[in-house]
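Student: Sharing a structure, written as structure tokens. Questions coming.
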Amino acid sequence: MTELAIIGGTGLRTLSGLEVTRRAVQQTPYGEPSCPFVYGMYCGKEVVFMARHGVAHVIPPHQVNYRANLWALKQLGIHHVISINAVGGIHPELAPGRIAFPHQIIDYTWSRPHTFFEDRMSQVTHIDFTEPYCETLRGVLIGAAEQAGLEAWPRGVYGASQGPRLETAAEIDRMARDGCDMVGMTGMPEAALARELGMCYASCAVVANWAAGRGEGPLTIGHIESTVEVGMHKVRRLLEHAIPLV
Ligand code: HPA
């Protein structure tokens, strides 16, 4: 049974090299997932792929139905999730084009449906989220990057911003003071929902740009998308090495 899913973000709407076997539309009590799930063989393993922003890339980060996406994957029997997230680099070493495997998160998002534990509960439920990512899967990604000869950053604090606008320079300064190394709009509540469902979840962050005020000039979406495209070549190489190890 397939138990590994890849959630693609900006720049990764399809997984080239995936030999598609079928597509599944899944309904959930939380509404519809972002797109049909694509099953296929990738590097000798059956995986499920989904595009977080929809196949046409029309769902903005604050409107992604994270609960439906994760719930549906869980219903399909998925246990491991590799999430691909475009980010802005805050740490001076996280230059555009680099990839990183965050180990911590600070959540600055608001008003996104962010938990399964609210209605129809027999008791109040809290999850442990001390380590927000699955260390085993992070270890697989770190090992795969080494095998692939990719210079990846093995740790880092991911600051999850609300979007869809990019941040102000002062917001990035505050995030840096808080300890954030990178900023992205899709890391939360996805990671927490995966934990609520008991899934093993890790992120591969692709640095698309210097965060606001850290580079030169204003940020343009065209520039972000073209850098992400370059980073995605690395992601594909990474996945080729990681998937057999999961
Ligand atoms: N900020 C937030 N999200 C992002 C960025 C950024 O600079 N780049 C890519 N995703």
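The values are calculated or read from the model by the stated rules, or taken from the named source; none is laboratory data. Computed from a prediction, not measured in an experiment: that's the story for all the values here. Virtual Cβ from ideal backbone geometry, glycine too; neighbours counted across all protein chains shown. SASA here: full protein model, heavy atoms, side chains in, ligands and nucleic acids out. Shrake-Rupley method; radii C 1.70, N 1.55, O 1.52, S 1.80 Å.
Student: Please give, to one decimal in nm, the separation of the simple spin-label points placed at ARG22 and HIS233, each 7 Å out from Cα toward the Cβ.
Tutor: 3.6
Student: So what's the back-of-envelope 222 nm ellipticity for the chain, counting only DSSP H runs of four-plus at -39500 (n - 2.57) apiece and dividing by all residues, rounded to 500?
Tutor: On the way: 5 runs with 63 residues, N = 246.
The per-residue figure over the chain is -8000 deg cm²/dmol.
Student: Could you check how many percent of all C-alpha pairs in the stretch 176-241 are farther apart than 21 Å?
Tutor: Values: 885 of 2145 pairs.
Pairs farther apart than 21 Å: 41 percent.
Student: Suppose all protein chains stay in the model; what accessible area per residue would a 1.4 Å probe give for the chain, in Å²? Write out the running numbers ahead of the final one.
Tutor: Numbers: 10910 Å² over 246 residues.
Per-residue accessible area for the chain comes out at 44 Å².
Student: Taking the mean number of other Cβ atoms within 10 Å as a proxy for protection, how do you rank 48-54, 137-143 from highest to lowest? Write out the running numbers ahead of the final one.
Tutor: Details: 48-54: 21.7, 137-143: 19.7.
The packing order, highest mean first, is 48-54, 137-143.
Student: Specify the inter-centroid distance of the stretch 188-219 and the stretch 24-65, based on alpha-carbon positions, in whole Å.
Tutor: Going from one Cα centre to the other spans 18 Å.
Student: What does the extension gain come out to for ALA169 and GLN123, with contour length at 0.36 nm per residue minus their alpha carbon separation?
Tutor: Details: separation 46, 0.36 × 46 = 16.56 nm, distance 4.24 nm.
Extra length available between ALA169 and GLN123 comes to 12.3 nm.
Student: Let me ask something additional. Once the Cα gyration tensor of the stretch 45-94 is diagonalised, what are the square roots of 5 times its eigenvalues, in whole Å and ordered largest first, as equivalent ellipsoid semi-axes? It would help to have the intermediate numbers written out before the result.
Tutor: Details: eigenvalues 113, 51, 22 Å².
In descending order, the three semi-axes are 24, 16, 11 Å.
Student: Let me know the charge dipole size of the stretch 137-246 about its Cα centre in debye, to the nearest 20, where only the beta-carbon of Lys, Arg (+1) and Asp, Glu (-1) is charged. Don't skip to the end; give the middle numbers.
Tutor: On the way: 10 positive and 13 negative charges, 36 e Å.
In total the dipole reaches around 180 debye.
Student: Also: Could you estimate the translational diffusion coefficient of the chain from the Stokes-Einstein equation, with Rh from the Kirkwood formula over C-alpha pairs, at 37 °C and 0.692 mPa s, in whole µm²/s?
Tutor: Using the Kirkwood radius from Cα pairs, D works out to 183 µm²/s.
Student: Also, I was wondering about something else. Which trypsin sites (Lys or Arg not before Pro) from the stretch 68-133 combine a DSSP loop assignment with at most 13 other Cβ atoms within 10 Å? The partial results should precede the final answer.
Tutor: Details: sites: LYS74, ARG98, ARG120; in loops: ARG98, ARG120.
Those that pass, being in a loop and sparsely packed, are ARG120.
Student: Okay, moving on. Please report, as a whole percent, how much of the solvent-accessible surface of the chain comes from carbon and sulfur atoms (probe radius 1.4 Å). Display every interim value, and only then the final one.
Tutor: On the way: 5750 of 10910 Å².
Of all accessible area on the chain, carbon and sulfur atoms account for 53 percent.
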